[in-house]
Ligand code: PMP
Ligand code: GLU
């Protein structure tokens, strides 16, 4: 007798597969069949982890750093993170306020579990990273989505934020630079959000700054710089993006002591500390001043070049309206012009249809905007070579030209 999904908990039944990982899985399946798929779906740098970081990991193994780590991270790493926060963000934290986790993904879910009671609302400006609403639901909360579009550079206003607050609102979460739009909130925009949050003392801000170092204009701005809300900002960051360390699984949060202590307890029951070898490597990465890191500068320059290339190429396609991102390595063009069109066999009604059509016809894996709360759009991750970007857009253009 086969066991069906009815055995699963209601929470798990309502959980969607991560769309970023789903599209990457589908493209891998096609590749395994020998099909030449270009994968622009997964958001990870195509660069290698810097050499000194790898050496630190090798030394950790040789020194038998292979036993259980302290749950919140090695003291040396937590201290190094406080120094990083002072150096880059001008914010003083105590090492006890830093919790190191298995990727920023776990840091975010820890924060939700620490804050959310059944029915609490979490405000999520769209477009948002796919995992935020699912994590909120798993913690028993209700995601409250604020829409935006390419016309406003995918940014919400302080008025929209204010209007979405209710007596059940417990948190606001956003990423800046943003996954999937690459948009970056300015200091003035963040200040206007801080003014709203300051008037609502129950609300915490989860500020996902994982793309901090991947910026094409100006300095990184964090909402934690504003005194009026600082105590209620939970900073999320990690090494996956800035140091091309996606597979090492190290992220962290910096938060008020009570939140950090709660996350330490949660993590102690669920996973224990992040891998010892990765933590040893992370110390070397965190101690690296981004202003003096050639690997990082070269990577960001490469992303800027690719952004410009992709923007120019997409601008030439009829019905595709790209945004010009200031950070991260994603572009999120509006493709809704193609809704209602068909190639004679496949009718395109939404971004998911278009995404599957492009995978099938163009062999290019992208991620549909609906997963990010913005069905008019589709996400291109341009963390790949210029040659593949050119080829991918050529194929996408040809496939779109079949739709009438
Ligand atoms: N936040 C955002 C906005 C992301 O794009 C990602 C994807 N890597 C994460 C958090 C999680 O990062 P990781 O778990 O690899 O540290
Ligand atoms: N954050 C990356 C992305 O958005 C990695 C995949 C994931 O964990 O969602 O593609």
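The values are calculated or read from the model by the stated rules, or taken from the named source; none is laboratory data. The structure presented is a predicted model; accordingly, all values stated were derived computationally and were not measured. Don't worry about glycine lacking a Cβ; one is built from the backbone with ideal geometry, like all the others, and counts go over all protein chains shown.
Out of 87, 11, one residue alone is assigned to a helix (DSSP H, G or I), on the phi < 0 side of the Ramachandran plot, surrounded by fewer than 13 Cβ atoms within 10 Å (Cβ to Cβ) and touching a residue at least 40 places away in the same chain (Cβ under 8 Å). It is 11. Among all residues of region 159-170, there is none that is surrounded by 23 or more Cβ atoms within 10 Å (Cβ to Cβ) and either in a strand (DSSP E or B) or within 16 Å of ligand 2 (Cβ to nearest atom) (or both).
Within the bounds of region 295-302, is there any residue that is in contact with a helix residue (DSSP H, G or I) (Cβ under 6 Å, 6 or more places away or on another chain) and within 24 Å of residue 45 (Cα to Cα)?
For region 295-302, residues in contact with a helix residue (DSSP H, G or I) (Cβ under 6 Å, 6 or more places away or on another chain) and within 24 Å of residue 45 (Cα to Cα): present.
Scan region 145-152 and give yes if some residue there is more than 16 Å from ligand 1 (Cβ to nearest atom), more than 28 Å from residue 375 (Cα to Cα), assigned to a helix (DSSP H, G or I) and touching a strand residue (DSSP E or B) at 6+ places or on another chain (Cβ under 7 Å), otherwise no. Scanning region 145-152 turns up no residue that is more than 16 Å from ligand 1 (Cβ to nearest atom), more than 28 Å from residue 375 (Cα to Cα), assigned to a helix (DSSP H, G or I) and touching a strand residue (DSSP E or B) at 6+ places or on another chain (Cβ under 7 Å).
Each row is one residue, and each column tells you yes or no for (1) surrounded by 11 or more Cβ atoms within 10 Å (Cβ to Cβ); (2) modelled with pLDDT of 90 or more; (3) not in a helix (DSSP H, G or I).
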| site | (1), (2), (3) |
| --- | --- |
| 3 | no, yes, yes |
| 22 | yes, no, no |
| 28 | yes, yes, no |
| 35 | yes, yes, yes |
| 45 | yes, no, yes |
| 58 | yes, yes, no |
| 65 | yes, yes, yes |
| 73 | yes, yes, yes |
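Report yes if some residue within region 373-386 is more than 18 Å from residue 26 (Cα to Cα) and surrounded by fewer than 17 Cβ atoms within 10 Å (Cβ to Cβ); otherwise report no. Yes, region 373-386 contains at least one residue that is more than 18 Å from residue 26 (Cα to Cα) and surrounded by fewer than 17 Cβ atoms within 10 Å (Cβ to Cβ).
Residues of region 351-391 that are within 16 Å of ligand 1 (Cβ to nearest atom) and part of a helix (DSSP H, G or I): 369, 371, 372. Here residue 113 fulfils each of the conditions (1) surrounded by 24 or more Cβ atoms within 10 Å (Cβ to Cβ); (2) away from ligand 1 (no atom under 13 Å from the Cβ); (3) part of a helix (DSSP H, G or I); (4) in contact (Cβ under 8 Å) with a residue 40 or more places away in the chain apart from (1).
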